[in-house]
Amino acid sequence: MIAEIGHYALVLALFLAILQSTLPLIGAARRNYGWMAVGQSTALVQFALVALAFAALMNSYITSDFSVLNVAENSHSAKPLLYKISGVWGNHEGSMLLWVLILSLFGAAVAWFGGNLPAELRARVLAVQGMIGTGFYLFILLTSNPFTRLVPAPMDGRGLNPILQDPGLAIHPPFLYLGYVGFSVAFSFAVAALIEGKVDAAWARWVRPWTLAAWCALTIGIALGSWWAYYTLGWGGWWFWDPVENASFMPWLVGTALIHSAIVVEKRDALKSWTILLAIVTFSLSLVGTFLVRSGVLTSVHAFAVDPARGTFILLLLLIVIGGSLTLYAIRAPALKGGGLFQPISREGALVLNNLLLSTAAATVFLGTLYPLFLDAIGGAKVSVGYPFFNATFVPLMIPLVAAVAAGPMLAWKRGDLLAALQRLKFAFLAAFVVVLITFYIQWGGPVLAVLGVGLAMWLFMGVLAEYSDRIKLFRAPFGDSWRRAIHLPRSTYGMSIAHLGLAVSVAGIAAAAWQSERIETVRPGDNIELAGFSIHFDGIEQLQGSNYTSARGTFTVTKDGSAIAVMRPERRFFPLQNMPTSNTAIHTTLLSDLYLALNDGDAPGNWTLRAYYKPLVPWIWIGAGIMALGGLLSLSDRRWRVGVAARRARRAPAEAVAKA
Amino acid sequence: MTRALSFFILIAALTFGAMGPGFAVEPNERLADPALEARARGISDHLRCLVCQNETIDDSHADLAHDLRVLVRERLTAGDSDSQTIAFITARYGDFVLLKPPVKGATLVLWYGPLAILLIGAVGTVVWFRRRKMTGVEEPAPLTDVERSRLKQMMTEGES
């Protein structure tokens, strides 16, 4: 019964979405405010309905209702509660339901917080959201219904893939989807602006917070996924240039370009049609990502034929959304007049360079990800495009980008002075140079690129600090004056500096990955392994019984120069239901480096295979990503996004002046 | 074999069938000569485990990856150079086994594409700058009456 309620709610949501994609659009064209307002109520009710459907599916999972096909295929009564809940989106149908849940959440948020938007723009934005929703509700109801019943119901379910039975599953996909789907708002704003034929600073100011929110979520989502891979795999890799990873990375790259180009639209009224295009491309890439992962073309183009209904539907949806929006763009964009002029060497110019490099990088990832599929589809040779390709093409694009990030904010709007900017960066350059020399001295004969990477990170880090101290006139004005300047800097400025610092931290972590050391040995209890100055002693092994697995847990005492550092307990788990082992690694982190142990069955009874890694700076990769997202959130909290604040502040200022006197 | 895939959107695990996390090179496969073993690792790191998604044979625990690792070591022990070993394996399994696709007819677009895109983008930007400079730009249109009244409304918002 409850599953049917969920199904019914989803059908109702579909009809509301159809209503939402038509009435407000017609209303906006005819200036009928009643029709325009329809979008708000449908968006809010839609969210309530999809939330109900989602709750219904979750209920089926928690109560282990195996008469629901989706639950029977992906859950098991003995599974811990956390994985029953996160298992809802650990499969195709459920994750699509999460997708539309988040889509309707964003739609409702636009309806709710969009009070300061002109009525026509809000109506059109919601209409476009409605169209996207219509497509995806249809997709779920026609090809991927999570509420399908199974008669007769089995005694128990098939369980969830043990790799997915991890807290990572609970948080990684929701964040990833918040990012993917969040870009739909930027897309809707772009299409609405094209229909309206008007893009101005106000438009950029409205669209930027949504884009920023989606970008933060995607940043966190990707970082979480990478970290999850790192601690689960058993050998400490954290990025593989795997198609599924690339699928989430492409929208991130273009989305990053978008939040930067929108600044130019907002501040200088330039780059308008380019920004619109980026908004369309960002969400299109989110859809392509969904398509790549969902349709099964990744394994091979032939897998596409296994489930043609699904694949064809997504492909069609993709064609309509991307083709339609690009056609609209081709027709309307030429009418968008560019605003402020600027010299190539200027803040705007720097942001154009940022966009050029990020877009090329995204195109490179796109090419590398889809080229094998493309070749295969046209009957060409079968090739693999792995990490060496991306190292050879993507990394060279990132080096000038990271180098330019330090200088860009130093340039003035309209016409900048690059020489003066570089002069103000001389300490940053000196710091980077010293770091390079020291690293070279310590790591003589090591990888050269890694040394340069660390130097680049230092350059960026010091460059951001230099820009900040410039802004508050540190040491050039009395300290009290600098302090006042620091307090009055807008949060979005702090957001930018912090996000750029985060990038520096990540770059350092990525570069330092080259200096990891490893030991892969067959060990027996009592053995001792030396690694990077650590002494790792195998104390013994114990057998444990988990709720739905058995586990062999090793105990290792780590000492350095005779003093105890840590006791580490890597586990080897076995899931009898799926007849599948997993590895629970043990990681001892100092935030400056990780010691990483993974245990595996050995070649003979009593023998174990121990993989021990020492990874300097590796935690910085995710710490840096976290700092980047933090910068984005800080910028998001900037008061100027909320119109009307200026008036309030202006009124308060005289009062403060009186109080001070 | 699904590895990173599974993490990145779960589905992978469902689509490709589940396997445990990769467990890379095994201690008993290794060669006694450290120099030879280092070369073997270097080669393994660029060969694809054919039944996996973008996974090197050095990282994969699939049986096929194991066989390939052993094969690489056999060739090296027999006195082959690195390139001879790779050529031996490519002859058997095709270019598909190479994670770094060779530069040839079918992959020219792949290898030179990024550079071409960058150049097109750069040239496009320069042309755009030039054209803007020549044509100049009109002043933004003055506010319409509707916008003016909205602006006034916004500025006074929050007074209540």
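Read-outs throughout are calculated quantities, based only on the coordinates presented, and are distinct from any laboratory measurement. Predicted model only: the values in this text are computed from it and were never measured. Cβ coordinates were reconstructed from backbone atoms using ideal geometry, including for glycine residues, and neighbour counts include every protein chain displayed.
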Legend entry - Net +/- balance of residues flanking residue A:120 in space, Cβ distance below 13 Å, scoring K and R +1, D and E -1: +4
Legend entry - Alpha carbon convex hull of the protein assembly as shown, projected area averaged over orientations, nm²: 39.3
Legend entry - Convex hull per residue volume in Å³, alpha carbons only, for segment A:1-161: 93
Legend entry - Most positive-pole-ward Cα, A:526, A:469, A:516, against dipole of segment A:466-528 from beta carbon charges: A:469
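When the dipole is taken about the Cα centre of the protein assembly as shown, and only Lys, Arg (+1) and Asp, Glu (-1) are charged at their Cβ, what size is it in debye, to the nearest 20?
3540
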Legend entry - Mean residue ellipticity (222 nm) of chain A, computed from DSSP H runs ≥ 4 via -39,500 (n - 2.57), nearest 500: -21500 deg cm²/dmol
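Order by neighbour count: A:271, A:610, A:318, fewest other Cβ atoms within 10 Å first, most last.
Least to most surrounded, the residues fall as A:318, A:610, A:271.
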Legend entry - Order of A:191, A:151 - criterion: other Cβ atoms within 10 Å of each residue's Cβ, fewest first: A:151, A:191
Inset, instruction - Name every cysteine in the protein assembly as shown that ends up alone, with no second cysteine's Cβ under 4.7 Å, or say none. - result: A:216
Legend entry - Residues A:497, A:226 arranged by fewest to most Cβ contacts within 10 Å: A:497, A:226
Inset, instruction - Mind checking which of A:565, A:538, A:580 is farthest towards the positive end of segment A:517-617's charge dipole, using Cβ charges of +1 (Lys, Arg) and -1 (Asp, Glu) about the Cα centre? - result: A:580
Inset, instruction - Count the lysine pairs in chain A whose Cα atoms lie under 21 Å apart, taking only pairs 8 or more positions apart in sequence or on different chains. - result: 10
Legend entry - From phi via Karplus (6.51, -1.76, 1.60), per-residue ³J(HN,Hα) for segment B:58-74 in Hz, x at Gly/Pro: 5, 9, 8, 10, 5, 4, 4, 4, 4, 4, 5, 4, 5, 4, 4, 5, 4
Inset, instruction - Could you give the size of the charge dipole of segment A:517-617 about its Cα centre, using +1 on the Cβ of each K and R and -1 on the Cβ of each D and E, expressed in debye and rounded to the nearest 20? - result: 220
Inset, instruction - For segment A:310-315, take each phi angle, set θ = phi - 60°, evaluate the Karplus expression 6.51 cos²θ - 1.76 cosθ + 1.60, and give the result in whole Hz per residue in order, putting x for glycine and proline. - result: 4, x, 5, 4, 5, 4
Legend entry - Exposed-loop-free span, longest in chain A, where trypsin sites (Lys or Arg not before Pro) count as exposed if DSSP calls them loop and at most 10 other C-beta atoms lie within 10 Å: A:32-475
